[in-house]
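The values are calculated or read from the model by the stated rules, or taken from the named source; none is laboratory data. Because the structure is a prediction, the values reported are computed rather than measured. No Cβ is skipped: glycine too gets one built from the backbone with ideal geometry, and neighbour counts run over all protein chains shown. Heads up: the accessible areas ignore ligands, DNA and RNA and are worked out on the full protein's heavy atoms, side chains in. Shrake-Rupley method; radii C 1.70, N 1.55, O 1.52, S 1.80 Å.
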Amino acid sequence: MDPKTVRGFVGNKLSFSEVAPKDGIRMAAEMAPEDVVAIIGASGLRGRGGAGFPTGKKWEFARSQEGTPKYTICNADEGEPGTFKDRLILTDFPELVFAGMAIAGRAVGAEFGILYLRAEYGWLRDHLEAALERCRGANLLGKAILGNKEFNFDIAIRMGSGAYICGEETALLESLEGRRGDARNRIPFPVQAGYLGKPTTVNNVETLAWVPCVLVKGPSWFAAMGTRKAPGAWLFSVSGDCKRPGIYEYPFGTSLRQILSDVGAENAKAVQVGGASGTCVPPAQFDRTLSPGDLATGGSIIVFGPGQDMFAVAENFQHFFADESCGQCIPCRVGNQRLLEAIGRMRKDGLDTDGERNVRQLAQTMTVASKCGLGQMSARAFLAILNNFSGELPGRA
Amino acid sequence: MDAQQTLRTEVEQLVRVHGRGRTALMPILQDLNRAHSYISEDAMLAVSDALNVPRAEVYGVATFYSYFSVKPRGTYVIRVCRTISCAKQPDYHPAIAALFDELGIGFGETTSDGIFSLEQTNCAGMCDQGPSMMVNEDVYIHLTEASVRTILNECRHAALAAKKAQ
């Protein structure tokens with residue numbers, strides 16, 4: 001199947017289209033590895049998977065580790081509901097992502113990289129293998145990359161098998177090691193003991209695509225796009241009740257209202273920012289901006305139009321979490337199931353004061369006591385909907 | 001050669017491709033799952049012996065991931081995306097009604113001719129172009145009642161042609 005047939009709509013010009021992957025690799029080949037880390041650090045680039053950890057810092061930690069060999073992993077297990085930017089990046093700019101991985105390898109001292117691709121994107125595999133072959137043929141991967149004898153790097157693609165939790169980096173590592181996708185305890189962090197117990201960087205597809213752009217165009221070009229606290233731009237996946245769903249690039253600090261106007265969704269009743277594990281924003285807050293200090297996001301925007309039943313939305317998200325919980329810890333395994341049942345009941349019978357106290361307590365327990373981000377975040381959407389749209393419940397109007 | 005021996009030979013071939021370490025477990029299970037549409041008990045035993053991984057752990061991995069199955073499935077596994085952006089599209093319910101109508105089965109079931117299994121999947125990443133579904137590894141977007149019927153017919157013809165060719 002040709003990935004271009006499901007490419008979808010891109011709403012504005014993407015910075016990725018302005019950078020040749022080869023130029024980024026050439027710069028890395030000619031630079032000292034510590035200078036590569038310094039430039040990425042100076043740009044202020046943060047992880048685009050949702051957690052927003054500074055990429056330069058992650059690489060610095062990995063670089064300073066003594067264990068060898070080291071590994072560089074690209075997390076292409078894009079599973080957050082409403083998120084599809086990595087799909088577009090892997091369709092249009094695979095070589096840019098591979099360049100980012102090679103540059104990461106050069107920076108931290110890794111010679112082997114793995115791209116972990118979700119099963120749902122299995123149709124992208126041949127396309128990506130062909131791009132890898134082109135990179136090898138052009139000496140952008142392989143031995144002595146672009147003539148630098150100390151720059152060796154190659155990439156293998158490994159598939160997921162349908163588990164949202166494997167987007168969590170330690171669960172992803174478990175999966176690569178042939179185990180169930182159960183999140184690990186931290187410490188140690190993957191940069192200390194990751195794949196096969198060796199120092200490992202795990203970066204998101206989009207993060208890695210920005211890397212060659214930052215090298216080629218310079219950290220100040222990157223920083224100039226966003227705000228002082230949150231430099232750079234971000235790819236947003238926009239879906240739901242809007243006229244022009246698709247991929248849009250925005251600098252940090254862009255207001256939600258601006259985005260809604262661009263995608264044709266001025267009449268939105270609510271917007272889910274950050275996917276199922278994100279938060280639900282009511283119209284009174286549409287002037288908030290998308291940036292780490294305000295509305296943090298993994299780049300997912302789902303628009304709900306005037307007719308939507310918000311507790312049906314909450315139930316859909318909750319079903320997702322009950323289904324995708326790995327089952328390892330009780331607050332997440334049982335909590336998500338109980339919350340799903342509670343939402344079903346309240347949609348039918350409404351919610352009295354006692355019931356409300358109970359579900360809020362349950363949500364609090366899940367948030368505080370779950371082992372990984374899945375359980376810690378899964379009640380967020382429901383709580384936001386309860387806080388802003390409880391009038392839609394029976395007996396509350 | 002009996003069925004079990006055939007499977008062991010097949011697993012040995014996969015070991016030659018993917019290696020004998022624990023890291024080969026997922027790729028080997030993925031290949032078996034694709035080739036047979038499921039991972040049988042005999043297959044799990046063969047993998048356990050070949051990789052020297054405890055049987056319970058092979059079973060644990062085979063039952064953790066939603067794309068693996070330890071029960072027989074149809075030649076074509078259909079997975080309809082049920083996550084919000086797809087599920088809220090006007091064509092979502094008509095498309096599902098067409099699936100039920102054409103196949104005569106519900107979610108989690110396999111047709112008696114062994115051609116189709118019907119499942120639901122969480123977000124397939126086609127939120128901007130829903131409703132969507134996967135048919136084995138391919139993805140279909142902008143589903144309608146009519147397009148679902150066309151897709152199923154194409155699969156049916158391909159399955160019958162393959163049977164004839166055997």
Between their Cα atoms, which of A:269/B:88; A:13/A:85; A:22/A:70 are more than 19 Å away from each other? A:22/A:70
On the Cα set of the stretch B:76-165, report Rg and Dmax in Å, please. 12.6, 42
Estimated [θ] at 222 nm from DSSP helical runs (n ≥ 4, -39500 (n - 2.57)) normalised by residues in the protein assembly as shown, nearest 500: -14000 deg cm²/dmol
Any of A:198/A:371; A:57/A:243; A:57/A:217 with alpha carbons more than 32 Å apart? Name them for me. A:57/A:243
Calculate what fraction, in whole %, of the accessible area of the stretch A:233-304 sits on carbon and sulfur atoms when a 1.4 Å probe is rolled over the protein chains. 48
Output needed: percent of Cα pairs per 10 Å distance bin for the stretch A:263-353, bins running from 0 to the one holding the longest distance. 15, 38, 35, 12, 0
For A:81-88, mean number of other protein chain Cβ atoms within 10 Å: 5
Size of the A/B contact, given as accessible area buried on both chains, probe 1.4 Å, in Å²: 3300
How about residue B:163: which aspartates and glutamates have a C-alpha closer than 17 Å to its C-alpha, ignoring those fewer than 8 places off in the same chain? B:113, B:154
Looking at the stretch B:76-165, what % of its DSSP beta bridges pair antiparallel, to the nearest 5? 55
Quick check: from the Cα gyration tensor, does the stretch B:3-64 come out rounded (a/c under 1.5), prolate or oblate? rounded
What's log10 of I(q)/I(0) for the stretch A:54-194 at q = 0.22 Å⁻¹, Debye sum over Cα points only, no solvent? -1.46
For the stretch A:159-307, state the average projected area of the convex hull of the C-alpha atoms over all orientations, rounded to one decimal in nm². 11.0
To the nearest 20 debye, what is the magnitude of the charge dipole of the stretch A:253-374 about its Cα centre, counting +1 on the Cβ of each Lys and Arg and -1 on the Cβ of each Asp and Glu? 260
Once ligands and nucleic acids are excluded and a 1.4 Å probe is used, how much of residue A:319 is accessible, expressed in Å² to the nearest 10? 80
Report residue A:333's accessible area, 1.4 Å probe, all protein chains in place, as a number in Å² to the nearest 10. 110
In the Gaussian network model of chain A, springs joining C-alpha atoms below 10 Å, which of A:136, A:184, A:228 carries the largest mean-square fluctuation? A:228
Here the cysteines of chain B without any disulfide-compatible Cβ partner under 4.7 Å are B:123, B:127, B:155
For peptide B:25-33, how many partner chain Cβ atoms fall within 10 Å of a residue's Cβ, on average? 3
Considering Cα pairs under 8 angstrom that are at least six residues apart, work out the relative contact order of chain A and quote it in whole percent. 18
For chain A, with a Gaussian network of springs between Cα atoms less than 10 Å apart, report the residue from A:349, A:309, A:86 with the top mean-square fluctuation. A:349
How much of the DSSP beta bridge set in the protein assembly as shown is antiparallel, as a percent to the nearest 5? 45
Among the Cα-Cα pairs of the stretch A:310-392, the proportion with separation greater than 19 Å, in percent, is 27
Looking at the stretch A:316-336, residues buried by 50 Å² or more relative to their chain on its own, accessible surface at probe 1.4 Å, turn out to be A:316
Given the stretch B:110-155 reduced to its alpha-carbon atoms as identical point scatterers, what log10 I(q)/I(0) does the Debye formula return at q = 0.20, 0.23, 0.29, 0.32 Å⁻¹? -0.71, -0.91, -1.24, -1.32
Of the residues B:111, B:143, A:305, the Cα lying farthest along the dipole of the protein assembly as shown towards its positive end, which is defined by charges on the beta carbon of Lys, Arg, Asp and Glu, belongs to A:305
Which whole number gives the average count of other chain Cβ atoms within 10 Å of the Cβ atoms across peptide A:157-166? 5
Mind pulling the per residue volume of the convex hull built on the Cα atoms of the stretch A:233-304? Å³ is fine. 70
Among DSSP bridges having both ends in chain B, what percentage is antiparallel? Round to the nearest 5. 55
Can you pull the three principal axis extents for the Cα set of the stretch A:1-130, in Å, largest first? 44, 29, 29
Largest to smallest principal axis extent of the C-alpha atoms in the stretch A:114-221, angstrom: 40, 33, 30
For chain B, which DSSP H helices look membrane-span-like by this rule: Cα extent along the axis of 30 Å or more and mean Kyte-Doolittle of at least -1.0? B:145-165
About the Cα centre of chain A, what is the dipole size in debye to 20, counting +1 per Lys and Arg Cβ and -1 per Asp and Glu Cβ, all else neutral? 400
quick shape note, the stretch A:146-197: Cα extents on principal axes in Å, largest first -> 41, 27, 15
The protein assembly as shown accessible area per residue, 1.4 Å probe, protein heavy atoms, integer Å², reads 39
If you count only protein heavy atoms and use a 1.4 Å probe, how large is the accessible surface of residue A:370, to the nearest 10 Å²? 10
Rg over Rh of the protein assembly as shown, using C-alpha atoms and the Kirkwood radius, what does it come to? 0.96
Full-extension gain in nm, residue A:148 to residue A:284, via 0.36 nm per residue minus C-alpha separation: 43.4 nm
Connecting C-alpha atoms closer than 10 Å in a GNM of chain A, tell me which of A:276, A:38, A:379 has the biggest fluctuation. A:38
Pop out the Kirkwood hydrodynamic radius of the stretch B:1-142 from its pairwise C-alpha distances, inverse of mean 1/r, in Å to one decimal. 16.4
Work out which residues of the stretch B:71-102 lose at minimum 30 square angstrom of accessible surface when the other protein chains are put back, relative to the chain isolated, with a 1.4 angstrom probe, and list them by number. B:82, B:83, B:84, B:85, B:88
At what distance in nm do the modelled label points of residue A:357 and residue B:97 sit from each other, each positioned 7 Å from its Cα along Cα→Cβ? 4.6
May I ask you to order A:72-78, A:53-59 by the average number of other C-beta atoms within 10 Å around their residues, highest value first? A:72-78, A:53-59
Go through B:61, B:39, B:6 and say which Cα lies farthest out towards the positive end of the charge dipole of the stretch B:3-64; charges sit on Cβ, +1 for Lys and Arg, -1 for Asp and Glu. B:61
In the stretch B:128-143, which residues give up 20 Å² or more of accessible area once the other protein chains are added, compared with their chain alone (1.4 Å probe)? B:128, B:129, B:134, B:137, B:138, B:139, B:141
Please work out how much length the chain gains when fully extended from residue A:126 to residue A:157, using 0.36 nm per residue of separation minus the C-alpha to C-alpha distance, in nm with one decimal. 10.1 nm
